[in-house]
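Quick one: this structure, given as structure tokens, is what I'll be asking you about.
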Amino acid sequence: MSLARLVLLALLLAARVAAAEPGVAAVGPIALTVSDADREAAFFADVLGFAKTGEVEVAGDEVERLTGVFGTRLRVVTLRLGSETLELHEFLAPRGRAFPEDSRGNDRWFQHVAIVVSDMARAYATLRAHDVTHASTGPQRLPDWNANAAGIEAFYFRDPDGHFLELISFPKGKGEARWQNGDGKLFLGIDHTAIVVADTDASLAFYRDRLGLRVAGGSENHGIEQERLNNVFGARLRITTLRAPAGPGVELLEYLAPQGGRPRPEGARANDLLHWETALVTEDVAGLASRLGAGAPVELPDDGLGFREALLVADPDGHVMRVQGGAE
């Protein structure tokens, strides 16, 4: 058999193996643990244009095993903006720890969702009218020298529990095509969730190589605009965006400077307010769990959560992903 034919057969075999491996079909919903779901739902609705789409209260052995918190009684409120969904997780029991007051943008428990707006000035004025807490100095326009990010406007702020959030506005030619036509709406949807990581390459080994997300873009950002956006003096970031076939992106933020961002607090649990949970939807939960070297998924009763099989896994920095089956 010729060398060329052997190479062709090897490529075909590799393609079949790759196709057979379980992968992530979609990212989302994205969940955050809150102290008061009613207060948070009102904030997201009144300030940011989200609509409440559902509510359920769950408890029992299966929920305890999924969350890893004994005695869990969990209230889940779902919100929607555009095509994307947020979940508010209120632990009625047991209550967890408050969001760390001294959190900084380069701490490795940092996570946010980036909410796309059609007009940054109007959106910022809306937030000011609602007396929203700043995390950035103010909206920042990323400079023209940064080809991959030039013209993007962004602003970090915080919700009533202290979670970081972002407004982002894309100029023509950047972002997904759907963000270019707001049809008169100010708040359009969620472009990505961003997480601070210690080592981009280690995170790529998890998200790209093991989960199958594709790298969709990247840049190295620095300068006064980035410093004021993150509110971190001397900030220099390596930014890498990954995507599944559907849903928001996952953005890796590696601080090349300054060094010394703190790791996720030891013993942090799903009922602590720093907890975020990003759903990774797959047709083969058990297969993907095996590929990650994780335990067996939890079989859940038909209790309105929207999925029947799931497990929580942590990335190299402790950010939590919920590997789950598709919607019921």
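The values are calculated or read from the model by the stated rules, or taken from the named source; none is laboratory data. Because the structure is predicted, anything quoted here is derived from the model rather than measured. Don't worry about glycine lacking a Cβ; one is built from the backbone with ideal geometry, like all the others, and counts go over all protein chains shown.
Let's see how each residue does on (1) on the phi > 0 side of the Ramachandran plot; (2) among the hydrophobic types (A, V, I, L, M, F, W, C); (3) in contact with a strand residue (DSSP E or B) (Cβ under 6 Å, 6 or more places away or on another chain):
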| site | (1), (2), (3) |
| --- | --- |
| Asp107 | no, no, no |
| Phe110 | no, yes, yes |
| Ile115 | no, yes, yes |
| Ala147 | no, yes, no |
| Ala150 | no, yes, no |
| Ala154 | no, yes, yes |
| Leu165 | no, yes, yes |
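Residues in the stretch 99-106: is at least one outside the structural domain of Val232 (by TED's automatic domain parsing) and touching a Phe, Trp or Tyr at 6+ places or on another chain (Cβ under 6 Å)?
yes
Being without any contact (Cβ under 8 Å) to a residue 60 or more places away in the chain and polar (S, T, N, Q), is that true of even one residue in the stretch 56-76?
Here is the first cut: in the stretch 56-76, the residues without any contact (Cβ under 8 Å) to a residue 60 or more places away in the chain are 57, 59, 61, 64, 70-71, 73-75.
Then drop every residue that is not polar (S, T, N, Q), which leaves none.
Among the residues of the stretch 56-76, not one is without any contact (Cβ under 8 Å) to a residue 60 or more places away in the chain and polar (S, T, N, Q), which makes the answer no.
Which one is nearest to His319 (Cα to Cα) among residues in the stretch 112-133 that are assigned to a strand (DSSP E or B) and touching a residue at least 60 places away in the same chain (Cβ under 8 Å)?
So the residue we want is His112.
Is there a residue in the stretch 285-303 that is polar (S, T, N, Q), in the same structural domain as Glu62 (by TED's automatic domain parsing), in a loop (DSSP other than H, G, I, E, B) and farther than 18 Å from Glu64 by Cβ?
No: the stretch 285-303 contains no residue that is polar (S, T, N, Q), in the same structural domain as Glu62 (by TED's automatic domain parsing), in a loop (DSSP other than H, G, I, E, B) and farther than 18 Å from Glu64 by Cβ.
Surrounded by 21 or more Cβ atoms within 10 Å (Cβ to Cβ), without any contact (Cβ under 8 Å) to a residue 60 or more places away in the chain and under 19 Å from Ala31 (Cα atoms), is that true of Glu84?
Answer is no for this residue.
Picking from Asp102, Asp161, Asp183, which residue would you name as being surrounded by fewer than 20 Cβ atoms within 10 Å (Cβ to Cβ), of a type outside the set (A, V, I, L, M), out of contact with any Gly (no Cβ under 8 Å at 6 or more places or on another chain) and under 23 Å from Pro258 (Cα atoms)?
Of the residues listed, the single one that is surrounded by fewer than 20 Cβ atoms within 10 Å (Cβ to Cβ), of a type outside the set (A, V, I, L, M), out of contact with any Gly (no Cβ under 8 Å at 6 or more places or on another chain) and under 23 Å from Pro258 (Cα atoms) is Asp102.
Select from the stretch 134-144 the residues that are surrounded by 14 or more Cβ atoms within 10 Å (Cβ to Cβ) and in a loop (DSSP other than H, G, I, E, B) and list them in ascending order.
Scanning the stretch 134-144 gives Ala135, Ser136, Thr137, Pro139, Leu142, Pro143.
Which residue, of Ala194, Ala147, is among the small types (Gly, Ala, Ser) and either assigned by TED's automatic domain parsing to the domain that holds Leu81 or not in a loop (DSSP other than H, G, I, E, B) (or both)?
Details: Ala147 fails: either assigned by TED's automatic domain parsing to the domain that holds Leu81 or not in a loop (DSSP other than H, G, I, E, B) (or both).
It is Ala194.
Filter the stretch 32-53 for residues that are under 21 Å from Thr278 (Cβ atoms), out of contact with any helix residue (DSSP H, G or I) (no Cβ under 6 Å at 6 or more places or on another chain) and surrounded by 14 or more Cβ atoms within 10 Å (Cβ to Cβ) and give the result.
Passing the criteria: Leu32, Thr33, Ser35, Ala37, Glu40, Ala41, Phe43, Phe44, Leu48.
Is the stretch 173-188 home to any residue that is over 17 Å from Ser83 (Cα atoms) and either in the same structural domain as Tyr207 (by TED's automatic domain parsing) or part of a strand (DSSP E or B) (or both)?
There is at least one residue in the stretch 173-188 that is over 17 Å from Ser83 (Cα atoms) and either in the same structural domain as Tyr207 (by TED's automatic domain parsing) or part of a strand (DSSP E or B) (or both).
Does the stretch 42-85 hold any residues that are assigned to a strand (DSSP E or B), small (Gly, Ala, Ser) and under 22 Å from the mean Cα position of the chain (by Cα), and which are they?
Ala51, Gly54
Can you tell me which residues in the stretch 197-237 are more than 16 Å from Gly260 (Cβ to Cβ) and assigned to a strand (DSSP E or B)?
Those that are more than 16 Å from Gly260 (Cβ to Cβ) and assigned to a strand (DSSP E or B): Arg214, Val215, Ala216, Gly217, Gly218, Ser219, Glu220, Asn221, His222.
Just one of (1) crowded, with 21+ Cβ neighbours inside 10 Å; (2) part of a loop (DSSP other than H, G, I, E, B); (3) in contact with a helix residue (DSSP H, G or I) (Cβ under 9 Å, 6 or more places away or on another chain) trips up Trp109, so point out which.
Single failed check for Trp109: (3).
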